[in-house]
Amino acid sequence: MHPIERLRYVARVSGVPQAMLVRETAGALASFSYEPHGLVTACRRMVSRHPASGPLLWLSSRVLSAGEPIEELYECMDALDDDTTAVELRHAIADGAVVAVLGWPDLVADALVRRGDVQPFVIDVLGEGSGLVQRLWNNDIDAVDVPVAGLGAAVAGVELLLLEAVAVGDTACLAVSGSRAAAAVARHLDIPVWVIGGVGRMLPGRLFDSLVARALPDDPWDRDEELVPLDLVTHIVGPEGPVPTAEALQSVDCPVAGELLRDVI
């Protein structure tokens, strides 16, 4: 596929796992690595088409800030391929734990599928939870399909709340709608709240703010994602496993590409 056509194709793709989206984007951007103006335009276009993707913004900012963009692309892909977040999460969940998740989170799903002793309460936000429940049933995991109306009761009945963030900033994270209410219930009851970050999802404040400005429409009830204050979160799970929130935020090292802070096309 011609690079321009591939870029247009990736720009149209939606509803795919974050890692797959970033890999497809990296393949498209590689063709622009020696054309600085074209690379800026391509990155801004991809960020505009997928405004709620932290890993895509992370990739674009790293590439645009690098002296050798093509080498940076390869380093980003290696980092994604070597991401052990799902593995660390799988090992960190206590044996026989009852956990709550919302929708169909990519990394959490990978961890749960390999933990047959954990009972997940899957809250069916955005109509995605039932699909995850079916996948878990197919793997002999005793998952419970919970309608959105049962969110509060479900969270109150678990030992751990797992929220997968599409991006994490310095004071909040962006996660699927319903996450804030779930986190508030959990903290009120002293239930631990783990936000699953993973490679590419931890962003510096300015980048995160630009993502939020693009991703969230004016009407909060029309949003697929919402902000969850990090003071409702006990741990952030990344390649090092669950880490206290304040400690995890100290490890953010993504550069800020000023080109991505402007209005996008």
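Tabulated results
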| item | result |
| --- | --- |
| Theoretical gain in end-to-end length, Gln250 to Val148 [0.36 nm per residue, Cα-Cα removed] | 33.3 nm |
| Whole-angstrom gap from segment 213-239 to segment 170-197, using each part's C-alpha centre | 9 Å |
| Cα-based radius of gyration of the chain once divided by 2.2 N^0.38 Å, which approximates compact folds | 0.99 |
| 222 nm mean residue ellipticity, helices alone, for the chain (DSSP H n ≥ 4; -39,500 (n - 2.57); rounded to 500) | -13000 deg cm²/dmol |
| Most fluctuating residue given options Gln18, Gln119, Gln134, as computed from a GNM of the chain linking Cα atoms under 10 Å | Gln134 |
| ³J(HN,Hα) computed for each position of segment 193-198 - Karplus, 6.51 cos²θ - 1.76 cosθ + 1.60, integer Hz, glycine/proline x | 10, 9, 9, 8, x, x |
| Pairwise centroid distance, computed over Cα atoms, of segment 49-77 with segment 78-145, Å | 28 Å |
| Antiparallel DSSP beta bridges within the chain, percent to nearest 5 | 40 percent |
| Under 5 Å, built H, 5+ apart or other chain: amide partners of Met202 | Val168 |
| Cut-off under 5 Å, modelled amide H: who pairs with Ala172 long-range | Leu230 |
| Computed magnitude of the charge dipole of the chain (debye, nearest 20; Cβ of K, R +1, Cβ of D, E -1) | 640 debye |
| Listed peptides 213-222, 94-103, 149-158 by packing density, highest first (mean Cβ within 10 Å) | 94-103, 149-158, 213-222 |
| Cα→Cβ-extended label distance, 7 Å offset, between Arg206 and Thr84, nm | 3.3 nm |
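Only the coordinates and a few stated rules stand behind these numbers; no lab work does. These figures come from a predicted structure and were not determined experimentally. Because the Cβ atoms are built from the backbone with ideal geometry, glycine has one as well, and the counts that use them run over all protein chains shown.
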